[in-house]
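Report on one structure; see the data block that follows.
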Amino acid sequence: MGKVVLVDGNSLLHRAFFALPPLKTTKGEPTGAVYGFLTMLFRVIKDEKPEYLAVAFDISRKTFRTEQFTAYKGHRKEAPDELVPQFALVREVLKVLNVPYIELDGYEADDIIGHLSRAFAGQGHEVVIYTADRDMLQLVDEKTVVYLTKKGITELVKMDLAAILENYGLKPKQLVDVKGLMGDPSDNIPGVPGIGEKTALDLIKTYGSVEEVLAHKDELKPKLREKLAEHENLAKISKQLATILREIPLEISLEDLKVKEPNYEEVAKLFLRLEFKSFLKEIEPKIKKEYQEGKDLVQVETVETEGQIAVVFSDGFYVDDGEKTKFYSLDRLNEIEEIFRNKKIITDDAKGIYHVCLEKGLTFPEVCFDARIAAYVLNPADQNPGLKGLYLKYDLPVYEDVSLNIRGLFYLKKEMMKKIFEQEQERLFYEIELPLTPVLAQMEHTGIQVDREALKEMSLELGEQIEELIREIYVLAGEEFNLNSPRQLGVILFEKLGLPVIKKTKTGYSTDAEVLEELLPFHEIIGKILNYRQLMKLKSTYTDGLMPLINERTGKLHTTFNQTGTLTGRLASSEPNLQNIPIRLELGRKLRKMFIPSPGYDYIVSADYSQIELRLLAHFSEEPKLIEAYQKGEDIHRKTASEVFGVSLEEVTPEMRAHAKSVNFGIVYGISDFGLGRDLKIPREVAGKYIKNYFANYPKVREYLDELVRTAREKGYVTTLFGRRRYIPELSSKNRTVQGFGERTAMNTPLQGSAADIIKLAMINVEKELKARKLKSRLLLSVHDELVLEVPAEELEEVKALVKGVMESVVELKVPLIAEVGAGKNWYEAK
């Protein structure tokens, strides 16, 4: 006899929806309930290893029960908008997984499971039911066990005959009688008014059934007797409604439910669409197995190479010219350099190839297509799907052997470039992202020199300051405690020192940065704690954290620039992350003193765009006052202060200018009156007035931002100056907080993303000009809107002029782009 697993699809999908965050794909398709459901289903399959499996669903709200009692489930709200499409989606997933799902018009999933469990248990099979619905407990018998979800989607409780007897003191079938008396508000089953669970249980334990309780009602206390006499019919109807039918017009054989292997290629395509990356990883070995076993899969046999070769770099170079694939190990690079020299390359990892060339001193090949970069251009949220993921997405077979996969690159190029042209992103791909890759590879290879001794000294200096701060904090606290323990710090601040409690967490008092900022006026200890945290981060992350990352051979830090890691198009860096060096604190800025020119170079040059996002705001919004101010070279923050506060330029105070600066940059990020008030430490009403005055004086900005949000809702995405897209599924959320994030994203992305496009274009053009002039100077870093170079003394003035000229002319806007260029013996002096 085999094991039959029956899954209550509706109840578990509902359970998953409310237990998990509202997950969505980057295109906005809700998937959280399906993801949770599959998590449970895969666990069930793993734990039970069933020979037979089926999922049961309700098909409509109209059933034989609603015909008997029109109010049955009548008070239930409609399913949430984000859950409704997931019922169809989960069926689609089950279909490709080869898991049978069963539904029958006029009946509920409970009845389907009741029918099947009775039939198969009756044949001697072991039946296991998974559900979130306690009604299923009535189905338990010697051959049938029910697993109920207890908490979230991971914690289950096993209910067999012994468990039901222990929990209720009844047989499973008698649970229907209990519900007949007490009713069930969730299903709108009325029961007998005034009889609760305890009374119902006692009555059924004594008399055995609803019918017997009614037959012996005269033996009961007067009040209870009256209730039963008055509502006898309701008790009978309620029991009937609560009873799961065990025989329904459903013809399903055991063989129909036999577990079958899914078509893993189809599963992978669907999971790729739904962005279920963890599930994709789990089935990947099975995809490999399927192909290794030699299934007849159609490979791209005929390709138009047009003088191109497909190149994949892993343990060496796999090169395909459209007719055959050859492998070149790294000791045969002299051969491959010849091939590279005469062909255009299509690949999935141009930067990897460039790094090998740099290490071996080879000439850079001409790359005309990088699948990874193309995927990022098409949708930046599709975080590096990998070559296999792209093959699945574009209906190409995936083989274990790299040499069998490589020819698919020709097809990928054709299909992906078709989409890039359809989305009008060819300039972004060909002029920015593709030519940026060799620039980044060169910067990573070059690295940036670090003054080790100065770094050690700063670490010691920070250590001494931290120790002194700890001593001062202990004196103010009146005792020693673990400063890094939020619980102990909370006790000191809120119990011993009696400071006002701002926020609580599940584990006690909140002592996060936001809370401490609010507490600053109340006690001297707060400022010292904040300072302690800042210095600790500086020391652990930078002065101590950078030391082991310095390359022993070069004495440099070789950061990795992630070209495809952000949704806005900005570069990210790691090992170490040089984008996040704190510059608000003077001590953080001093960290830049550790970065010095390499031997043979004399200066660090830093070139930074001035207010690029505000200039882009003026350009896009076409606000006359902003355009005029920038064209005249006016101080934009003083200008805004004059407009917002209604005073002349001469009357603007430093405080007014500082507040106007916060308003200017806050508008770019869609700041609220609450956020601005918090930042400036002013009442929310005052902050709201600042924002209102800003838009009153710059009305075209308001129109532009509103139009961005409207268009984003309509199209599902926003674009930058060069056509970079960011999809914003949050705008369709029913959650107001999530929707608000989407609106701010729609306002900011075209500005931040366009700034990212411009700085990338500037890097490409600066590198091109340096090479054209045969200069020794070279790019080292790109940090947000700043470029950092190292320069020999004899080239300093030429390079400063070159960089400024390139950065300011890289794109034509309605307002001038201004780059501020500085030089020094280290990065700190250059700023």
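None of the figures in this text is laboratory data; all of them are computed from the coordinates on show. Bear in mind that the values here come from a model prediction, so they are computed numbers and not experimental data. Don't worry about glycine lacking a Cβ; one is built from the backbone with ideal geometry, like all the others, and counts go over all protein chains shown.
Results, tabulated for the structure shown:
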{"read-out": "Residue order, fewest to most beta carbons within 10 Å, for ARG533, ARG710, ARG744", "value": "ARG710, ARG533, ARG744"}
{"read-out": "For the range 434-488 versus the range 600-641, the gap between their alpha-carbon centres in whole angstrom", "value": "32"}
{"read-out": "Computed magnitude of the charge dipole of the chain (debye, nearest 20; Cβ of K, R +1, Cβ of D, E -1)", "value": "1060"}
{"read-out": "Charge tally in the Cβ shell below 13 Å around THR745, where Lys, Arg are +1 and Asp, Glu are -1, THR745 excluded", "value": "+2"}
{"read-out": "Cβ-defined net charge surrounding ARG710, 13 Å radius [Lys, Arg +1; Asp, Glu -1]", "value": "-2"}
{"read-out": "LYS715/SER598 FRET efficiency (R0 56 Å; Cβ-Cβ; nearest 0.05)", "value": "0.75"}
{"read-out": "Residues MET547, MET747, MET536 arranged by fewest to most Cβ contacts within 10 Å", "value": "MET547, MET536, MET747"}
{"read-out": "Reachable lysines, given that their alpha-carbon falls under 21 Å from the alpha-carbon of LYS593 and they are not under 8 places away in the same chain", "value": "LYS456, LYS537, LYS539, LYS556, LYS800, LYS825, LYS831"}
{"read-out": "Within the range 3-257: Cβ-based charge dipole about Cα centre, in debye rounded to nearest 20 (Lys, Arg +1; Asp, Glu -1)", "value": "660"}
{"read-out": "Backbone N within the range 120-142 under 19 Å of label point (7 Å from VAL157 Cα along the Cβ vector)", "value": "129-141"}
{"read-out": "Positive dipole terminus of the chain, leading residue within PRO172, TYR474, PRO193 (C-beta point charges)", "value": "PRO193"}
{"read-out": "Translational D in µm²/s for the range 3-257 (Stokes-Einstein at 25 °C, 0.890 mPa s, Kirkwood Rh from C-alpha pairs)", "value": "127"}
{"read-out": "Longest to shortest principal axis, alpha-carbon extents of the range 297-447, angstrom", "value": "38, 34, 26"}
{"read-out": "At least 27 Å along the helix axis (C-alpha) and Kyte average at least -0.5, DSSP helices within the chain", "value": "452-477, 736-772"}
{"read-out": "Fraction of beta bridges assigned by DSSP in the chain that are antiparallel (%, nearest 5)", "value": "65"}
{"read-out": "Sequence-separation-based contact order of the range 297-447, relative, with Cα cut under 8 Å and 6+ spacing, percent", "value": "26"}
{"read-out": "Positive-pole candidate from LEU530, ILE550, LEU519, dipole of the range 507-558, charges at beta carbon", "value": "ILE550"}
{"read-out": "Extension gain (nm, one decimal) between GLU552 and GLU338, 0.36 nm per residue minus Cα-Cα", "value": "73.7 nm"}
{"read-out": "The range 89-231 shape via C-alpha gyration tensor axes, a/c threshold 1.5", "value": "prolate"}
{"read-out": "Cross-link reach list, lysines versus LYS689, counting only Cα pairs under 28 Å and skipping chain neighbours closer than eight places", "value": "LYS503, LYS625, LYS632, LYS639, LYS661, LYS681, LYS700"}
{"read-out": "Volume in Å³ per residue [convex hull over Cα atoms, computed for the range 653-772]", "value": "143"}
{"read-out": "Neighbour net charge for ILE153 - beta-carbon separation under 12 angstrom, K R +1, D E -1", "value": "+3"}
{"read-out": "Cross-link partners of LYS343 among lysines (Cα-Cα below 16 Å; sequence separation of 8 or more within a chain)", "value": "LYS324, LYS326, LYS413"}
{"read-out": "Relative contact order (%) - the range 613-753, alpha-carbon pairs under 8 angstrom, separation at least six", "value": "23"}
{"read-out": "Charged-residue dipole, Cβ positions (Lys, Arg, Asp, Glu), the range 297-447 about Cα centre, Debye nearest 20", "value": "60"}
{"read-out": "Protection proxy ranking of 433-441, 92-100 - average other beta-carbon atoms within 10 Å, highest first", "value": "433-441, 92-100"}
{"read-out": "Efficiency of FRET between LEU476 and THR25 - r from beta-carbon atoms, R0 56 angstrom, step 0.05", "value": "0.65"}
{"read-out": "The range 526-562 versus the range 756-808: alpha-carbon centroid distance in Å", "value": "26"}
{"read-out": "Length added when fully stretched, GLU655-GLU628, from 0.36 nm per residue minus Cα-Cα", "value": "7.3 nm"}
{"read-out": "CD proxy at 222 nm, helix term only [per DSSP H run n ≥ 4: -39500 (n - 2.57); per residue of the chain; nearest 500]", "value": "-15000 deg cm²/dmol"}
{"read-out": "Per-residue Cβ neighbour rank within 10 angstrom, fewest leading, LEU493, LEU460, LEU358", "value": "LEU460, LEU358, LEU493"}
{"read-out": "Contact order relative to length of the chain, as percent, for alpha carbon pairs under 8 angstrom and 6 or more apart", "value": "10"}
{"read-out": "Dipole-positive endmost among LEU161, ILE129, ILE764 within the chain (Cβ charges, Cα centre)", "value": "LEU161"}
{"read-out": "Theoretical gain in end-to-end length, ARG91 to GLU431 [0.36 nm per residue, Cα-Cα removed]", "value": "118.0 nm"}
